[in-house]
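Report on the following structure.
Read the figures in this text as sums done on the coordinates, not as results from a lab. Because the structure is a prediction, the values reported are computed rather than measured. Reconstructed Cβ throughout: ideal geometry from the backbone, glycine too, with neighbour counts over all protein chains shown.
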Amino acid sequence: MKILLPAILLISIAAPAFATVAVTSPWNGATVSTTVTYAATATTNTCSRGVASMGVYIDYRLLYVENGTRLNTSLTVSVGRHNTVVEEWDYCGGATFASMDITVSSQSGVHVISPASNSIVSAPANYVATGTSTCPEGVASMGVYVNNKLMVVQNGASLNAQLNPGSGTQHTVVEEWDHCGGAAYTPVDITVQGGGKVLSNIQASGGWKSWAEFAPNYDICTSNCQGISWSLWQHQTSPSLSGNANRFNIGGTTPYADVLWSIPVIGQFSTQGIPDTNHTLLPTLHYFTYDAYFFVTNASVTQVLEFDISMYMNGVGMIWGNQCNYLGGKVWDIWDNVNAKWVTANVPCNLINNAWNHVTIQVQRQSNNTLLFQSITLNGVTAIINRTYAPFSVPASWWGITLNYQMDGDSKMSSNSTYLDNLSFTYW
């Protein structure tokens, strides 16, 4: 991280990850049945011969090993809390792992993490839950009813969704359906206040700024940046979903150079007419959603795509940085604010080439300004992150929220273009 500007933080990208274990099941903190499905993939670029095998530890005992770069198995685990680890071993003697703490239940049921029953929430309300079942084939899907009307259904044994149930007291139910025809549910009565505000089609707004960053220190460059070229073409009609897409272009000769585009949306330099001059809005905001469609023209040269929300107020800096480290392991990374580095989220990022991809990122500012990374949904697949990081210090004069989009060059700094459309930001 090289330069901080008022209401804008420039995040430098570390070198591509050397080894990763991306776990899709179970997720950290989940409540599961006694038959636990472990699904994961592993990559490495430190060993030319690649990954040899993967295994599962439960309470520090190795219980399962599978050859190759993919692991998919079901293990019987006793009721209670357990520390579990998925590890990969390469042909050169190296290893890396991902750790998940789980709670095993012997009963069918729905375990709701959010919202709490009888709580007061803002709209949209964030529903996070897991389902367990005595059915050998497990949970098929989960859904949410609002006043006896089914509002959303997601496949699998975990649910992460945002709903607008309407203002006032609402009777909601989270239900799971298993593959054997059984079902279980948990009622959650809530009181809904207000509603989230949405800023739409932000890609079409004026006020986008851009900077280049050079490896290995990722120094900032704004002009006469030899070895890298970039441009932004707005109001593109093809490919486009809205008829008003942005085209982002990078190229050059300097390996692994990056370009960061940023737009201030609330506070200082707001492009959306929300300057918050009296400093009364930002302290009330705790929930944020970054939602966008992006078109990948050439996945083979798309090193990293980054999607960030940055917030600054009262001398506190908070960056919810999320990057799809595609050529560095096809895995999502999130930003450790205090140590200024990327850490793996242990969930895969699989892009669709020459097509539109859809990403939804949900994050939260907790009451003590701790950053909560809630979830990332890519092309309809939701990954629960539920990981927290402390904020960092910034000048007291900084006040605002910005959105970032970044493209990283590959080892040859190949020419590359991506498109961004229907970029929206929800806050409440």
Legend entry - Quotient of C-alpha Rg and 2.2 N^0.38 Å, computed over the stretch 44-202: 1.33
Inset, instruction - Whole Å is fine, so just give me how far the alpha carbon centre of the stretch 110-169 lies from that of the stretch 281-338. - result: 25 Å
Inset, instruction - Would you list, by chain and number, the lysines whose Cα falls below 25 Å from the Cα of Lys149, excluding same-chain residues fewer than 8 positions away? - result: Lys197
Legend entry - Highest to lowest packing among 278-286, 322-330, 382-390, scored as the average C-beta count within 10 Å: 322-330, 382-390, 278-286
Legend entry - Kirkwood hydrodynamic radius of the stretch 109-194, Cα pairs, Å: 12.7 Å
Legend entry - Contact order normalised by residue count of the stretch 338-428, Cα under 8 Å, 6+ apart, percent: 18 percent
Inset, instruction - Return the aspartates and glutamates within reach of Lys412: Cα separation strictly under 20 angstrom, same-chain partners fewer than 8 residues apart disregarded; answer none if there are no such residues. - result: Glu213, Asp219, Asp258, Glu306
Inset, instruction - Let me have the relative contact order for the stretch 109-194, percent, based on Cα pairs under 8 Å that are six or more residues apart. - result: 37 percent
Legend entry - Unit charges on C-beta of K, R, D, E only; dipole of the stretch 238-395, Debye: 140 debye
Inset, instruction - Mind listing the long-range amide H neighbours of Ile274? Cut-off is under 5 Å, sequence gap 5 or more, other chains count too, H placed in the peptide plane at 1.01 Å from N. - result: Gly267
Inset, instruction - Equivalent ellipsoid semi-axes for the chain, as square roots of 5 times the alpha carbon gyration tensor eigenvalues: give them largest first, rounded to whole Å. - result: 35, 29, 19
Inset, instruction - Grab the eigenvalues of the alpha-carbon gyration tensor for the stretch 198-427, scale each by 5, take roots, and send me the semi-axes largest first in whole angstrom. - result: 26, 19, 19
Legend entry - Distance histogram for the stretch 34-104 (every C-alpha pair counted, 5 angstrom bins, percent rounded to whole numbers): 4, 17, 28, 23, 14, 8, 4, 1, 0
Legend entry - Relative contact order of the stretch 34-104, defined on C-alpha pairs under 8 angstrom at six or more residues apart (%): 35 percent
Inset, instruction - Work out, step by step, the length gained on full extension between Cys221 and Glu66: first 0.36 nm times the residue separation, then minus their alpha carbon distance; give nm to one decimal. - result: 51.1 nm
Inset, instruction - Can you figure out the FRET efficiency of His179 with His358, using R₀ = 41 Å and their beta-carbon distance, to the nearest 0.05? - result: 0.90
